[in-house]
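Each remark here refers to the structure printed beneath this line.
The values are calculated or read from the model by the stated rules, or taken from the named source; none is laboratory data. Predicted model, so just to flag it, every value in this text is computed and none were measured. No Cβ is skipped: glycine too gets one built from the backbone with ideal geometry, and neighbour counts run over all protein chains shown.
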Amino acid sequence: MFPGNFPGEFFYWRTTADIDNIGGVGGRARLVMSTQAGFGGATETPADGPGSQIVFARYRVRVVPNGLVPGATYTVTAPFGVKSFVADAAGSINFTQDDGCPLGTPLPCDFASVLPTTAAGPFLTWDPASAPLPPAGFIGDPAIPHTIIGSPFNTNIFRIQGPNVGGPGVNVVQTNIFSIVLGKIYVRPATSTVLNSSPNPSVFGQAVTLTATVTPVVADTIAPTGTVVFKDGATTLGVVTLVNGSASLVTSTLAAGAHSLTATYSGDLEFSPSASAVRTQTVNRGQTATTLTSTPNPSLAGQAVTLSTTVTAVAPAAGVPTGTVTFMDGATVLGTATLTNGSASLVTSTLTTGNHSLTTVYSGSANFNASTSAAVTQVVNSQTTTSLTAPPNPSVFGQAVTLTAVVSPVAPGTGVPTGTVTFRDGATVLATVTLANGSASFVTSTLAVGSHSLTAAYSGGGNFLASTSATVIHTVNPGSTSTSLSSTPNPSTLGQTVTLSATVSAVAPAVGVPTGTVTFRDGATSLGVVTLVNGSASLTVSTLTTGSHSLTAVYSGSPNFNASTSPAVTQVVNPGNTTTSLTSTPNPSNFGQTVTLSATVSPVAPATGVPTGTVTFRDGATALATVNLVNGSASFSLATLTPGSHSLTAVYNGSASFAGSTSAVVNHVVNAGNSSTSLTSTPNPSTTGQTVTLTATVSAVAPATGTPTGTVTFRDGATVLSTVTLVNGSASFQTAALAVGSHPLTATYNGSATFATSTSPVVTQVVNAPAAAATSTSLTSTPNPSTVGQTVTLSATVTSGAGVPTGTVTFRDGATVLATVT
């Protein structure tokens, strides 16, 4: 049988031999054949039945000083083979080698009495007859005794060869490893255990670290292993395994007060147990923090409010405080509750309307100090009800309607609500009014005709909640109206603009300014439709005929106002006065000249329009012509006015719509017409005794027209030859008494009542001597051509076959005489 549940460093097969030195035991040599024994299989996984083999995975050689010679070579013979080592500077040997069957090697593995360094292998087998079956996992899990069969090695030798391994002159230490089953051949040195605690002092619940340090009394190259038991007086706090000679335990369960702490080392195969001195740990009470919540917040008057408080440890303190808390409303105690898991609750429904400063006071405990929460303001509101009235109901458009809202608290709430009330017509806000003693009123006259869903919404204020009234259906009927009409001017004249003014007013209790249209009527005839502006409408009309007219204004109504008709107004329209103007063109004129007479007939304001009818043109009392007006004008042309002054007028004879009128007199002057007299003499030249006919023609000079009458006087120079009466504007005279030579002949028209005198240009009549010889006249001009202003010499040569002609030569440029030269 063999024990299971092996602790660390308790190897399944081990042996330890003391090395004697001068002066006593100077060191130890130890062979560890396995640091881990397990059930082996094809993959070195745990075996699960009888006959499974136990596999060694490690062996270790350790020679602990003193006694070995630093730098000397030592040979160690063990079941795993022979190996040489060189002692270190401290005279020690520490060697560990992991061996075993290679992974995947079928079991059992074969091995020799002294194995090579790479061949550790299975050497023990579970007894098939033993029960129970081997445990799952490695040996020691769980601790169940089992029977094994077999021998680990054929030769059970542990030999160390080298200088001074067995004392002076003894160079070999040899031990039969398995001569004692689980034998321990070693001496464990004394240890010293020191305990520290941090922090010290601490507060309740704070983590305190206990640290135990275990050291050999005599210095050693290896550190103690095993466990340390930490205790608070007789109470075990915990068992901790040493790591590099130290073990630590963290605890936060120390109660407030003084604690006597110790640490006890349990020892191991190499070191002896030891206990620390008592460490006094002071634990103070922990600080706390208390929080408070109230639900619901805000609440309603009479509503149950849950006050929940939590008391927590303030770091570095930890844990859950116990004890009681007192719930306070200002200085008033509401109740006391015991903490459960650090929390407590209180339900109250006695809080009155208003704001409450709530706190909780933790009374403290053996481990924790007292604390008070921050104040929580609990708002206790009251529900409200809002009522609405809106008299008068029904109303008419524009009538003042008073909306009154009364806001009251709902029991058990008390007090007078404050804040504002919003009056609405459906979704439309009419006004927002501040409550006074719980009431608010609003007067409106703007509600349109129809049905209105009126509400009053209290917005809430202070500790009073909002509420909305029931809907009040308010009916607004159309307002009655009164329509008045005036016409200006009245009476008027035909064509005069008459302004018709209608005013539509609301009839009380209706108020406001009616909108819509007004139709102006003349009897049954519509004169026009006009849109009201600020309750008034105007129409100007100038088409009213002469006579009396019954005028009315009819208001058509609107969604807010009923229709109405004005009383009739009698409009009298008289005929329009006129003024007639006359012009004569041209003025003055000449006899026979065409004169145009133009008359314009216009209405005299305020009459308007275009007069029609006729105009009679007069010269004094004599009617010249009667002409129809066209667009208010009439014209007449004549050329029969005699010379002299004429008093011309134009008389408008009137019509059904316009009165007659006479123009002012136009004094028109007709002058005698200018004349033009021409004269011819035939033949010219003539000879002595030859009859010469003088013919004068007298013509009117434009613009004068007609045929002048009267007489023409023919003259030879200043000598009157004869006076002859015109016939159809012409007069002739014959004479044979003209002497040889040149005669300046003229014809003078002596004028008449209608034409002025005029004289013809001079006609030079040449009278030659009888039967003169024939001549020939030639003319030259030098230079030719010439320039303007240059002297030109005209040379005439007269020749005759009968001699040299005498007399004069007349030079002419066309008909113009330039000069007569002898």
Note on region 657-692: residues β-branched (Val, Ile, Thr), more than 30 Å from Thr642 (Cα to Cα) and part of a strand (DSSP E or B) are Thr680, Thr682, Thr687, Val692
Within region 565-602, which residues are assigned to a strand (DSSP E or B) and surrounded by fewer than 20 Cβ atoms within 10 Å (Cβ to Cβ)?
Thr565, Val569, Thr570, Val572, Asn574, Thr579, Ser581, Thr583, Thr585, Thr596, Ser598
All but one of (1) exposed (fewer than 15 other Cβ atoms within 10 Å of the Cβ); (2) assigned to a loop (DSSP other than H, G, I, E, B); (3) in contact (Cβ under 8 Å) with a residue 24 or more places away in the chain hold for Ser558; state the number of the condition that does not hold.
(1)
Can you name the strands (runs of 3 or more DSSP E) wholly within region 727-791 that have at least 2 residues being surrounded by 17 or more Cβ atoms within 10 Å (Cβ to Cβ) and in contact with a His (Cβ under 8 Å, 6 or more places away or on another chain)?
763-768
Checking the conditions here, which among Ser343, Ser365 is out of contact with any Lys or Arg (no Cβ under 6 Å at 6 or more places or on another chain) and either closer than 30 Å to Asn196 by Cβ or in the same structural domain as Val214 (by TED's automatic domain parsing) (or both)?
Ser365
Residues of region 386-401 classified as surrounded by fewer than 20 Cβ atoms within 10 Å (Cβ to Cβ) and either in contact with a Cys (Cβ under 9 Å, 6 or more places away or on another chain) or part of a loop (DSSP other than H, G, I, E, B) (or both), total
5
So, Leu544, is that one of a type in the set (A, V, I, L, M), crowded, with 20+ Cβ neighbours inside 10 Å, over 53 Å from the mean Cα position of the chain (by Cα) and not in a strand (DSSP E or B) or not?
yes
Among the listed residues Thr713, Thr649, Thr705, Thr695, identify the single one that is of a type outside the set (Phe, Trp, Tyr), in a strand (DSSP E or B), assigned by TED's automatic domain parsing to the domain that holds His743 and more than 12 Å from Tyr749 (Cβ to Cβ).
Thr695
Return yes when Val809 is within 25 Å of Thr677 (Cα to Cα) and touching a Ser or Thr at 6+ places or on another chain (Cβ under 8 Å) and no when it is not.
no
How many of the residues in region 292-311 are hydroxyl-bearing (Ser, Thr, Tyr) and either modelled with pLDDT under 95 or in the same structural domain as Ala466 (by TED's automatic domain parsing) (or both)?
1
Look through Val449, Val380, Val443, Val416 and report the one residue that is under 30 Å from Val361 (Cα atoms) and over 37 Å from the mean Cα position of the chain (by Cα).
Val380
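Residues checked against (1) farther than 23 Å from Gln383 by Cα; (2) assigned to a strand (DSSP E or B):
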site: Leu403; (1), (2): no, yes
site: Val406; (1), (2): no, yes
site: Ala411; (1), (2): no, no
site: Thr418; (1), (2): no, no
site: Ala440; (1), (2): no, yes
site: Ala448; (1), (2): yes, no
site: Leu454; (1), (2): no, yes
Within region 320-335, considering residues that are surrounded by fewer than 18 Cβ atoms within 10 Å (Cβ to Cβ) and among the hydroxyl-bearing types (Ser, Thr, Tyr), the one farthest from Thr377 (Cα to Cα):
Thr322
For the subset of region 467-490 comprising residues that are among the hydrophobic types (A, V, I, L, M, F, W, C) and surrounded by 18 or more Cβ atoms within 10 Å (Cβ to Cβ), which member is nearest to Ser550 (Cα to Cα)?
Leu485
I'd like the full set of residues that are more than 23 Å from Ala704 (Cβ to Cβ) and crowded, with 18+ Cβ neighbours inside 10 Å, limited to region 615-626.
Val615, Thr616, Arg618
With respect to Pro417, determine if the residue is crowded, with 19+ Cβ neighbours inside 10 Å and either over 29 Å from Ala508 (Cα atoms) or touching a helix residue (DSSP H, G or I) at 6+ places or on another chain (Cβ under 9 Å) (or both).
yes
Those residues that are in contact (Cβ under 8 Å) with a residue 60 or more places away in the chain and loosely packed, with under 15 Cβ neighbours inside 10 Å, I need them from region 201-210; list them, please.
Pro201, Ala207
Of all residues in region 365-382, which are surrounded by fewer than 19 Cβ atoms within 10 Å (Cβ to Cβ), at pLDDT below 95 and either in contact with a strand residue (DSSP E or B) (Cβ under 8 Å, 6 or more places away or on another chain) or under 29 Å from Val406 (Cα atoms) (or both)?
Val379
Mind listing whichever residues of region 508-529 are hydrophobic (A, V, I, L, M, F, W, C), surrounded by 15 or more Cβ atoms within 10 Å (Cβ to Cβ) and within 23 Å of Ala448 (Cα to Cα)?
Ala510, Val511, Val513, Val518
Conditions (1) in a strand (DSSP E or B); (2) surrounded by 10 or more Cβ atoms within 10 Å (Cβ to Cβ); number of the one not met by Gly807:
(1)
Among the residues in region 294-311, are any surrounded by fewer than 18 Cβ atoms within 10 Å (Cβ to Cβ) and in contact with a Phe, Trp or Tyr (Cβ under 9 Å, 6 or more places away or on another chain)?
no
The number of residues in region 677-700 that are surrounded by fewer than 15 Cβ atoms within 10 Å (Cβ to Cβ) and in contact with a Ser or Thr (Cβ under 6 Å, 6 or more places away or on another chain) is 2
